[in-house]
Amino acid sequence: MVEVTLKVNGKSVTKSVKGNTLMTEFLRDELRLTGTHVGCDTSQCGACVIHVNGEAVKGCTMFAAEADGAEVATIEGMASPDGTLSVIQQAFQDHHGLQCGFCTPGMVMSAAALLKDNPKPTEAEVRDYLEGNLCRCTGYHNIVKAIMAASGQDVSSIAAE
Amino acid sequence: MPKDHGIGASPKRREDVRFLTGAGNYTDDINVYGQAYVHFLRSDVAHGKITKIDTSAAADMPGVVRIFTGADFEGVGSIPCGWQVTDLHGEPMKEPAHPVLAQGKVRHVGDPIAAIVADSLEEARNAAEAIELDIEELPAVVDMKAALADGSALVHDDLGDNLCYEWGFVEDNRAAVDEAIKNAAHVTTLELRNNRLVANPMEPRVALGEYSRANDHSTLHTTSQNPHVIRLLMGAFVLGIPEHKLTVIAPDVGGGFGTKIFHYAEEAFVTFASKACNRPVKWTASRSEAFMSDAHGRDHVTKIELALDADNNFTALRCDTYANMGAYLSTFASSVPTWLHGTLLAGNYKTPLVYTNVKAVFTNTVPVDAYRGAGRPEATFQIERVVDKAARELGVDPIALRRQNFISEFPYATPVAVEYDTGDYVATMDKLEEIADLSGFAARRAESEKNGKLRGLGVNCYIEACGIAPSNLVGQLGARAGLYDAATVRVNATGSISVMVGAHSHGQGHETAFPQVVAEMLGIDESMVEIVHGDTSKVPFGMGTYGSRSLAVCGSAMVRATEKIINKAKKIAAHLMEASDADIELKDGQFSVAGTDKSVAWGDVTLAAYVPHNYPLEDIEPGLEETAFYDPANFTYPSGAYACEVELDPDTGKVTIERFSAADDFGNVVNPMIVEGQVHGGIGQGVGQALLENAAYDENGQLLSASYMDYAMPRADDLPFYTVDHSCQTPCTHNPLGVKGCGEAGAIGSPPSVINAVIDAMQSGGFKVDHMDMPASPGRVWAAMHG
């Protein structure tokens with residue numbers, strides 16, 4: 001067992017974990033932060049994307065023990081404490097960028113990382129950035145649209161509601 | 001000005017807030033005190049005899065609670081098939097046993113052999129390694145035609161051969177169809193494979209069984225599209241648990257696409273084991289397990305012939321299909337290539353004679369069942385590919401050939417037993433030509449060619465049958481259940497409403513769209529209406545969500561129940577205003593007496609129903625709650641026309657979707673935003689089938705595509721923005737909302753236009769290719785072009 005101390009969504013956490021505990025397991029099973037989802041076992045689907053020290057990371061690709069001293073953000077920390085959705089979350093709702101919701105936490109976390117580095121991405125840049133996030137419901141149309149809208153771009157010329 | 005509430009408006013989805021904040025409650029998010037975990041030891045060979053299974057060493061491993069094998073399930077029921085197809089000789093299909101855990105033989109890679117229940121998943125996995133297992137490998141049955149040849153190995157020894165059934169439809173037309181083909185001015189023939197797919201909802205399947213000794217009650221939490229169906233199948237046929245002792249809960253479910261309809265062995269296992277171990281037992285599929293245990297989709301091998309007269313009128317169509325059932329009959333497997341496929345083979349055309357022959361074949365592969373569209377994509381792909389090929393052979397415009405043969409009068413009885421109630425195929429094609437800017441194609445092709453690329457345009461139509469279905473009809477066709485749905489409208493004392501519905505929402509937005517209907521009927525705010533679904537202890541009954549049936553069938557039940565509410569509420573209002581029932585009008589949440597200024601509010605009436613101090617107790621009961629079961633009079637028939645434009649790099653074979661347009665007729669639309677989202681998602685899956693996806697087996701029955709490393713899922717950069725339109729609306733004539741269903745259209749309508757476009761692109765470059773099977777991935781396209 002390894003003792004880790006990290007900040008998760010701004011809150012300090014110290015836990016004893018097994019060396020082989022994945023970050024996704026730590027968040028879901030130890031901290032009960034079940035918004036981070038597991039959709040595959042080959043680090044392909046992106047449902048588990050979180051932020052570690054400000055960078056988008058697939059939670060299934062790191063051990064909890066590696067996060068000692070890190071600042072971790074998950075989907076649960078994205079809205080304001082009063083429940084107001086972040087700009088990106090609100091854009092996903094406004095533009096119907098989610099259906100079953102399972103890939104959504106990873107999509108939102110990836111989108112946030114993208115917009116931090118590239119505040120006005122083109123459609124091609126959004127699609128390219130989402131290469132590591134699978135969605136089976138939306139055909140990506142409204143996800144791409146929502147992310148472009150969240151970046152402040154006018155998406156009214158993109159087809160559909 | 002679009003409406004801002006009620007039917008036809010697009011309010012933001014209320015369920016989104018929990019999904020966007022990580023507050024969703026998916027089955028794997030549920031953990032109960034004392035739960036154990038199960039790991040399934042699965043077959044790594046396609047076909048074999050279990051000669052030894054010794055669990056004694058494994059049972060002593062740390063954390064192991066109990067290890068189960070097939071022997072523990074002797075006397076437990078077989079996992080049932082819900083549809084009995086009658087073959088062309090009038091005999092019932094062959095139905096092999098489907099044990100929860102393999103008994104004696106394994107029949108596909110992934111077939112569960114043993115189940116290790118332990119305190120932790122890690123301990124369960126470790127113990128699995130210690131099970132001593134010997135399997136004598138047998139020749140694998142993989143290819144369907146070889147499976148039917150004399151001397152083939154048998155998937156099920158007791159059946160005598162690998163043929164589940166041979167079905168002919170309409171058998172009485174067979175000779176006339178053959179004759180018409182023989183005498184035709186032109187016959188276009190096409191042999192194709194509809195590639196095997198894996199549905200791949202992003203949430204893998206999960207099942208959590210809980211048994212309460214206190215009241216001898218079992219609860220199953222499961223990732224299901226239809227919890228009541230699971231309760232019925234598992235309770236009545238597998239485990240022998242009566243409904244009042246069994247609760248099935250499907251909470252938030254992360255996508256289904258058909259593969260979460262079926263009753264699976266793992267659900268029965270955790271329910272059984274939680275009682276046997278007196279501990280909750282949880283199973284969470286890994287994605288690799290999903291690939292080898294979720295029912296697959298499609299996998300038809302077909303020869304189709306289209307006969308035309310000298311004026312290019314379609315005179316007959318014949319289809320011969322081999323349909324892969326996999327190793328066992330999944331819940332609705334037998335219905336997919338028959339009643340969900342053969343009845344759609346008229347397509348949008350007035351072809352007077354149609355015959356289809358289907359051989360359903362057992363193989364040593366994962367069971368195959370309904371996947372988004374289920375039978376209808378296979379029918380559409382064949383028809384729309386053969387029509388396109390015919391147009392090319394005859395040198396006529398593919399759209400003109402379609403238009404010439406469109407059904408134009410409704411209702412229309414097809415030669416394959418169904419009656420289309422409404423439609424307007426000319427209107428959707430006109431709309432498509434407009435939104436796809438077909439007149440600008442030549443210029444876009446010239447531009448592509450300037451850049452060294454080929455550009456192709458593909459168009460197709462589709463018709464589908466949704467809203468399954470009239471129970472008396474499907475009963476005659478072999479369904480072992482009714483296919484109505486149910487809703488209870490519970491009005492609370494202060495006027496808020498809970499609507500318990502048998503449909504299940506796993507992405508479709510029922511929690512937002514269904515209240516739009518109830519609120520509009522009552523003239524109250526949508527926020528006063530909440531939808532309850534997914535729990536057999538809360539919802540009276542229901543057949544669930546599949547076949548684009550939720551709004552058409554369950555929504556109709558909800559309308560009927562709401563009408564009963566209105567009728568009763570009017571009686572209460574009449575009493576309160578000392579007027580006659582017949583004079584009461586309901587508008588904007590106010591009951592008024594016609595021709596007077598007297599009125600009472602919705603809340604006054606609901607309060608009176610629960611606090612009946614001034615109430616017609618001698619005439620009606622207190623309370624305001626009504627249930628309706630709705631059984632449809634017919635299927636619904638959404639239809640449309642789709643266009644795809646591709647660019648093809650002749651050097652690499654890479655196909656890029658440049659434009660995709662869809663003009664659909666879904667009848668009336670309750671929430672346009674959700675409808676369009678459904679079409680987008682369907683197109684994404686259809687393009688995935690056409691360009692990327694393929695569940696591949698080798699000749700030994702090894703599944704080669706068992707992870708996202710090997711199975712090509714469509715990603716954001718594989719797909720464009722789509723142009724979709726649903727303004728052509730011919731309302732369904734037989735349900736109260738006039739709705740047809742929109743969930744599967746995109747997946748049904750898109751693959752043929754993609755392949756038609758790829759063929760068009762290749763031919764424009766002088767390549768003499770008139771067909772290629774899906775997926776049109778770069779290597780396969782290049783090979784098709786260069787022989």
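Here are the numbers:
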| item | result |
| --- | --- |
| Extended-chain gain in nm, criterion 0.36 nm per residue less alpha-carbon gap, B:Leu438 and B:Glu419 | 3.7 nm |
| Beta bridges per DSSP with both ends in chain B, % antiparallel, nearest 5 | 80 |
| Distance between modelled label sites at B:Asp4 and B:Glu129, nm, 7 Å Cα→Cβ extension | 6.3 |
| Sorted by Cβ density within 10 Å, fewest first, the residues B:Leu704, A:Leu27, B:Leu551, B:Leu692 | B:Leu704, B:Leu692, A:Leu27, B:Leu551 |
| Ratio of the Cα radius of gyration of segment B:484-630 to 2.2 N^0.38 Å, where N counts its residues | 1.06 |
| A:Asp128-B:Gln103 FRET efficiency (beta carbon distance; Förster radius 45 Å; 0.05 resolution) | 0.35 |
| Where Rh is the Kirkwood radius over Cα pairs, Rg/Rh for segment A:87-150 | 0.90 |
| Ranked packing of B:248-260, B:312-324, B:768-780, most packed first, by mean Cβ within 10 Å | B:248-260, B:312-324, B:768-780 |
| Share of Cα-Cα pairs in segment A:2-75 lying beyond 22 Å, as whole percent | 10 |
| Using alpha-carbon coordinates, inclination of helix A:104-117 to the longest axis of chain A, degrees | 80 |
| Euclidean distance between Cα centres, segment A:85-161 to segment A:5-53, Å | 23 |
| Relative intensity, log₁₀ I(q)/I(0), of segment B:646-787 from a Debye sum that treats every alpha carbon as a point, q = 0.15, 0.18, 0.21 Å⁻¹ | -0.81, -1.01, -1.20 |
| Per-residue Cβ neighbour rank within 10 angstrom, fewest leading, B:Asp54, B:Asp388 | B:Asp54, B:Asp388 |
| Average other protein chain Cβ within 10 Å of Cβ, residues A:101-110 | 6 |
| Loop chymotrypsin sites (Phe, Trp or Tyr not before Pro), segment B:681-787 (other Cβ atoms within 10 Å of the site Cβ: 12 or fewer; DSSP) | none |
| Simple spin-label estimate for B:Lys598 and A:Lys120 in nanometres, 7 Å along Cα-Cβ | 6.6 |
| Scattering profile of chain B at q = 0.05, 0.07, 0.10 Å⁻¹ [log10 I(q)/I(0), Debye over alpha-carbon scatterers] | -0.27, -0.53, -1.05 |
| Orientation-averaged projected area, Cα convex hull of chain A (nm²) | 9.2 |
| Per-residue mean of C-beta atoms belonging to partner chains within 10 Å, peptide A:30-42 | 6 |
| Value at 222 nm in deg cm²/dmol, rounded to 500, when DSSP H runs of n ≥ 4 in chain A each add -39,500 (n - 2.57) | -7000 deg cm²/dmol |
| Helical mean residue ellipticity (222 nm; -39500 (n - 2.57) per DSSP H run of 4+; nearest 500) of chain B | -8000 deg cm²/dmol |
| Residue-averaged beta-carbon neighbours from other chains (10 angstrom radius) around B:254-262 | 3 |
| FRET efficiency, A:Lys18 to B:Val426 (Cβ-Cβ, R0 51 Å, nearest 0.05) | 0.20 |
| Label-to-label distance, nm, for residues given as B:Arg193 and A:Asn53 (7 Å Cα→Cβ offset) | 4.9 |
| Prolate/oblate/rounded label for segment B:1-156 (Cα gyration tensor, a/c 1.5) | oblate |
| Cβ-defined net charge surrounding B:Asn278, 11 Å radius [Lys, Arg +1; Asp, Glu -1] | +3 |
| Average Cα contact separation per residue, segment A:45-102, under 8 Å, 6 or more apart, as relative contact order % | 25 |
| Normalised contact order of segment B:294-423, rounded percent, pairs of Cα under 8 Å and 6 or more residues apart | 30 |
| Segment B:293-370-segment B:569-598 distance, computed between alpha-carbon centres (Å) | 55 |
| Contour minus Cα-Cα distance for B:Asn492 and B:Ala71 (0.36 nm per residue) | 146.4 nm |
| Cα-derived Rg to Rh of the protein assembly as shown, Kirkwood definition | 0.97 |
| Pairwise FRET efficiency - B:Asp44 versus B:Ala783, Cβ, R0 = 30 Å, nearest 0.05 | 0.45 |
| Highest-first arrangement of B:478-489, B:365-376, where packing means the average Cβ count within 10 Å | B:365-376, B:478-489 |
| For segment B:383-456, the fraction of alpha-carbon pairs in successive 10 Å shells from zero, as % | 16, 32, 35, 11, 5, 0 |
| Average Cα contact separation per residue, chain B, under 8 Å, 6 or more apart, as relative contact order % | 15 |
| Order of B:Tyr642, B:Tyr328, A:Tyr140 under a 10 Å beta carbon neighbour criterion, fewest first | B:Tyr328, A:Tyr140, B:Tyr642 |
| The protein assembly as shown - share of DSSP beta bridges that are antiparallel (%, nearest 5) | 80 |
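Computed from the coordinates by the stated procedures, all read-outs in this text should not be read as laboratory data. For clarity, every value in this text was computed on a predicted model and none was experimentally measured. As a convention, Cβ positions derive from the backbone with ideal geometry for all residues, glycine included, and neighbour counts pool all protein chains shown.
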